[in-house]
1. Hey, what's the stretch A:114-220 come to in accessible area per residue, 1.4 Å probe, Å²?
2. Out of chain B, which GluC sites (Glu not before Pro) are coil in DSSP terms and have no more than 15 other C-beta atoms within 10 Å?
3. Total Å² of accessible surface buried at the A-B contact, 1.4 Å probe, nearest 100?
4. Among DSSP beta bridges lying fully in the protein assembly as shown, give the percent that are antiparallel, nearest 5.
5. Got a sec to turn the phi values of the stretch A:130-146 into Karplus ³J(HN,Hα) couplings, 6.51 cos²θ - 1.76 cosθ + 1.60 with θ = phi - 60°, whole Hz, x for Gly and Pro?
6. Using each residue's phi in the stretch A:57-72, evaluate 6.51 cos²θ - 1.76 cosθ + 1.60 at θ = phi - 60° and report the 3J(HN,Hα) Karplus result to the nearest Hz, with x for Gly and Pro.
7. Output needed: Cys residues of chain A lacking any neighbouring Cys C-beta below 4.7 Å, sorted by number.
8. Find, among the chymotrypsin sites (Phe, Trp or Tyr not before Pro) in the stretch A:111-210, those assigned to loop by DSSP (not H, G, I, E, B) with at most 15 other beta-carbon atoms within 10 angstrom.
Amino acid sequence: MEEKNKEKTIKMLRLPRIGESAPAFEAETTLGTIRLEDFKGTWLILFSHPADFTPVCTTEFVAFAEIQEELQELGVELMGLSIDSGYAHIAWVRNIEEKFGVKISFPVIADLDRKVATLYGMIMPGESKTETSRCVFVIDPTGILRAMIYYPLTTGRNMQEILRLIKALQTSDEHKVATPANWQPGDPVIVPPPKTQDVAEERVREGYDCKDWYFCTKNL
Amino acid sequence: MACIEPDGFLTRCGELLLLAMWKPATPDEVARDVRVPLFRVRSAIREFVGAGLLEKRGEAYVLTAKGVQKMEG
């Protein structure tokens, strides 16, 4: 009985991992009740912020809104989350529109019972037991978690990096390549290294730009 | 709820989406026709089915008699 309870506890506390299905949920948001499965067929950036009506979070919401159109053109939707009530969210997005002239049109989860925050490991007790840290989860159209970013309460996220990440993932999916450090669209991409000796020998003759058999790049 | 209030009042978003389902339509078709994100259409359809205004036929959704009455009222 003790072993079964231990196993159950471990299952409950298991955090999401890259390459696995993003944990399913249904949540109340500023745009009604939404389920994760509602996003099937599109990319989703699910992100958390510590609290409404706080300054760094406000700059982030404005910044996310500013890249929303570009994200949608890439087939990506946004959804925010904090452990605040729906009423607080509504009041805050109205305040952002009034004070900053920016309309927030993506849904924001009111996760008062911390159900989604717990599922996704958004709370870092060393920082705060009652607020989510600045987390970003990139979920692909099949519902697989593809990337995670965790930032502390003190530091606002970089939207250009989030955009770059999306473009890099989509490029990898489309062309079956990897992207090197600091990659920007238009830069050479990395050809996946060979897994067999035969392919390794052929690789340098395949017309790629190779430093060695395992390190080849190409232009798309 | 986003598209229909508990007392049955339809929001503007709700009216637009229900209108798009005057003839049978899939969520993808509605999202394309009304230019609303697909996730919002799926969420709204759940609300409308729950309120008895839509029913599923195959892959498409269609107004129920109650839904037609709502739109005509």
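The values are calculated or read from the model by the stated rules, or taken from the named source; none is laboratory data. As the structure is a computational prediction, the values presented were derived from the model and not from experiment. Don't worry about glycine lacking a Cβ; one is built from the backbone with ideal geometry, like all the others, and counts go over all protein chains shown. SASA here: full protein model, heavy atoms, side chains in, ligands and nucleic acids out. Shrake-Rupley method; radii C 1.70, N 1.55, O 1.52, S 1.80 Å.
1. Counting only protein heavy atoms, the per-residue value for the stretch A:114-220 is 57 Å².
2. When the GluC sites (Glu not before Pro) of chain B are filtered for loop state and at most 15 Cβ neighbours within 10 Å, B:Glu59 remain.
3. 900
4. Counting only bridges with both partners in the protein assembly as shown, antiparallel ones make up about 75 percent.
5. 10, 10, 7, 7, 8, 10, 10, 10, 9, 10, 8, x, 9, x, 8, 6, 9
6. Computed from phi, the couplings for the stretch A:57-72 are 4, 5, 4, 5, 5, 4, 5, 5, 4, 5, 9, 4, 5, 5, 5, 5 Hz.
7. Cysteines lacking a close Cβ partner in chain A: A:Cys57, A:Cys135.
8. A:Tyr208
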